[in-house]
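The values are calculated or read from the model by the stated rules, or taken from the named source; none is laboratory data. None of these values were measured; they are calculated from a predicted model. Please note: Cβ atoms are built from the backbone with ideal geometry, for glycine as well, and neighbour counts cover all protein chains shown.
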Amino acid sequence: MLSKRIIPCLDVRGGTTTKGIRFKNNVDIGDPVEMARFYYEAGADELVFYDITASHEKRNIMIDVVRRVAETIFIPFSVGGGIRDIDDMRNVLLAGAEKVSINSAAVKHPEIISKGAEAFGSQCIVLGMDVKYVGESVKIPSGYEIVINGGRKYMGIDALKWAIEAEKLGAGEICLNSIDADGTQDGYELKLTSLISENVGIPLIASGGAGKPEHLYEVLTKGKADAALIASMVHYGTYTISEIKAYLDSCGVKVRKGW
Amino acid sequence: MIAIIDYDAGNLASVERAVSYLGFKCIVTNNIKTIAGSERIIFPGVGAAGAAMDSLKRLGLDSAIKQAVIDGKPILGICLGTQIIMEYSEENETACLKIIDGFVKAFPPDMKSEDGSRLKIPHMGWNGLKNIKKHPVLSGLNEDDEFYFVHGYYPYPTDSEHILGTTDYGIFFASVIGFNNIIATQFHPEKSGRPGLSLLKNFCMWNPC
């Protein structure tokens, strides 16, 4: 049976990661290519890179990172952050990423999803969603609203409605980030995750709030997620991927072992 | 030289990188002479069956692949490549290469897992193999090894002798098929870490008799 995926997320700015991996013995590596190799060997099922480089002209640095990562690891990885059009997608995919993640651009111009799916196949197109709880209302029936620009701009769009629409447009997967849970390390937003996951037919990656293995167990069972994104809990050496997988395995969650 | 067949179907560079990493010479090509002169062939691909068959015919690669089958050259199909060697695909109602008897079916839409939750389509992520047959390319693999899949359709060979391994996703489907000089996987060995690289390496050294 299909395993639940554990996916470390690396934020990259100007070619280096903003949070390096800090091991228990305080060695820090910040090179995204080395980090990718480290997590590949440590049992990551997939990797996500977010390019948080502000200026457009520095994008080529990221493309170079993607190319070098692709030569180094033999598991799938996706690249997101600042993908604006089909050309941006093509550059990232040609450099060796399996998938591109689109977020703000898709909210502003939903047709980028269908264009991308048509050009490269749905399996390449991950819809990134940043979501905040605002309370149920006529405009936002689920109570969860889409926000963009790193959580600053409220879009007046219901998260559930948007997820369903994106699936119809051809998104192959959803990466769902809860702004409320993000960075807290208090656990994923389970209600939001199960709400979206149960109402779409495509796989869902839960993001935001992971602090300990129990959180992954919750989101992969009660939260109905197909995969879980992790960052600080592994970057700072608090847990290894092996430890997380061993815990999930002991709770009866199917994970990939013996990589 | 290993020819990786280029027919505008997705990320072929990842196959090339994995084969090169293993130390074998390969070329991504749609040149019929290069393919005819190659020692072995990898037929990869992601995308839709209809567009893929159109490209293959337009480039004359359908005949090139069939010739390689007759010549007894080792051939590895991957993902869409594996589906295209069947007779017919439900995807876009496509007549395929008819190298292996059988057809390509869509996963049923309402599959449930053991806990009652809905099984998503595409089948995306890591899954294992069962009923692995003895085969030089599968040597060293076991049922604990997992491989990376991403597909909404699966091959359904008519002759069960052509099934070399199966995978459980709501139903058991043929995830490795083949006979004589052909072997084909529904998963992506080039994206499946150690066991995937091991399978690729086995293929690059395989001499079917």
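If you go through region B:1-38 one residue at a time, how many are within 14 Å of chain A (Cβ to nearest Cβ), over 24 Å from B:ALA51 (Cα atoms) and among the charged types (D, E, K, R)?
Going through region B:1-38 one residue at a time, the tally reaches 1.
Which of the numbered conditions does B:LYS191 fail, given that it passes all the others? Conditions: (1) in contact with a Leu (Cβ under 8 Å, 6 or more places away or on another chain); (2) within 14 Å of chain A (Cβ to nearest Cβ); (3) surrounded by 18 or more Cβ atoms within 10 Å (Cβ to Cβ).
The one condition B:LYS191 does not meet is (1).
Exactly one condition in (1) surrounded by 14 or more Cβ atoms within 10 Å (Cβ to Cβ); (2) at pLDDT below 95; (3) touching a Leu at 6+ places or on another chain (Cβ under 8 Å) is not met by B:GLY152; state its number.
Looking at each condition in turn, B:GLY152 falls short on (3).
Just name the residue that is nearest to the chain's Cα centre (by Cα) out of those in region A:100-126 that are away from chain B (no Cβ under 14 Å) and in a strand (DSSP E or B).
A:SER101
For region B:35-64, enumerate the residues that are polar (S, T, N, Q) and either surrounded by 22 or more Cβ atoms within 10 Å (Cβ to Cβ) or touching a strand residue (DSSP E or B) at 6+ places or on another chain (Cβ under 6 Å) (or both).
Start the filter on region B:35-64 by keeping residues that are polar (S, T, N, Q), which leaves B:38, B:55, B:63.
Once the filter is applied, which keeps residues that are polar (S, T, N, Q) and either surrounded by 22 or more Cβ atoms within 10 Å (Cβ to Cβ) or touching a strand residue (DSSP E or B) at 6+ places or on another chain (Cβ under 6 Å) (or both), region B:35-64 yields only B:SER38.
From the residues in region B:1-35 that are part of a helix (DSSP H, G or I) and touching a residue at least 40 places away in the same chain (Cβ under 8 Å), which one is nearest to B:CYS204 (Cα to Cα)? Don't jump to the end; show me each part of the working.
At the first step, the residues of region B:1-35 found to be part of a helix (DSSP H, G or I) are B:13-21, B:32-35.
Now drop any that are not touching a residue at least 40 places away in the same chain (Cβ under 8 Å), which leaves B:14-15, B:17-19, B:21.
Details: B:SER14: 16, B:VAL15: 12, B:ARG17: 14, B:ALA18: 11, B:VAL19: 8, B:TYR21: 12 Å.
My answer is B:VAL19.
With respect to the numbered conditions (1) away from chain A (no Cβ under 14 Å); (2) closer than 25 Å to B:ILE4 by Cα; (3) surrounded by fewer than 24 Cβ atoms within 10 Å (Cβ to Cβ); (4) not basic (Lys, Arg), which one is the sole condition not fulfilled by B:THR158?
That leaves (2) as the condition not met.
Conditions: (1) surrounded by fewer than 18 Cβ atoms within 10 Å (Cβ to Cβ); (2) among the small types (Gly, Ala, Ser); (3) within 14 Å of chain B (Cβ to nearest Cβ). A:ALA97 meets all but one. Number of the miss?
Only one criterion in (1) surrounded by fewer than 18 Cβ atoms within 10 Å (Cβ to Cβ); (2) among the small types (Gly, Ala, Ser); (3) within 14 Å of chain B (Cβ to nearest Cβ) is unmet by A:ALA97, namely (1).
Filter region A:110-131 for residues that are touching a helix residue (DSSP H, G or I) at 6+ places or on another chain (Cβ under 9 Å) and surrounded by fewer than 21 Cβ atoms within 10 Å (Cβ to Cβ) and give the result.
Result: A:PRO110, A:GLU111, A:SER114, A:LYS115, A:ALA117, A:ALA119.
Are there any pairs, at least 6 apart or on different chains, whose C-beta atoms fall under 7 Å, with the first in region A:184-199 and in contact (Cβ under 8 Å) with a residue 60 or more places away in the chain and part of a helix (DSSP H, G or I) and the second crowded, with 19+ Cβ neighbours inside 10 Å and not aliphatic (A, V, I, L, M), and if so, which?
Partner pairs satisfying both residue conditions: A:LEU192/A:TYR144; A:LEU192/A:SER178.
With the condition being within 11 Å of another protein chain (Cβ to nearest Cβ), I'd like the strands (runs of 3 or more DSSP E) fully within region B:73-142 carrying at least 1 qualifying residues.
B:123-128
Would you pick out the residues in region B:152-174 that are among the small types (Gly, Ala, Ser), over 16 Å from B:PHE103 (Cβ atoms) and assigned to a strand (DSSP E or B)?
Filtering region B:152-174 down to residues among the small types (Gly, Ala, Ser) leaves B:152, B:160, B:165, B:170, B:174.
So of that shortlist, the ones also over 16 Å from B:PHE103 (Cβ atoms) come out as B:165, B:170.
Answer for region B:152-174, where residues must be among the small types (Gly, Ala, Ser), over 16 Å from B:PHE103 (Cβ atoms) and assigned to a strand (DSSP E or B): just B:GLY165.
Among the residues of region A:225-250, how many are among the hydrophobic types (A, V, I, L, M, F, W, C) and in a helix (DSSP H, G or I)? Working first, answer last.
Let us first name the residues in region A:225-250 that are among the hydrophobic types (A, V, I, L, M, F, W, C), namely A:225, A:227-231, A:233-234, A:241, A:244, A:246, A:248.
With the extra rule that they be in a helix (DSSP H, G or I), the set shrinks to A:233-234, A:241, A:244, A:246, A:248.
The total comes to 6.
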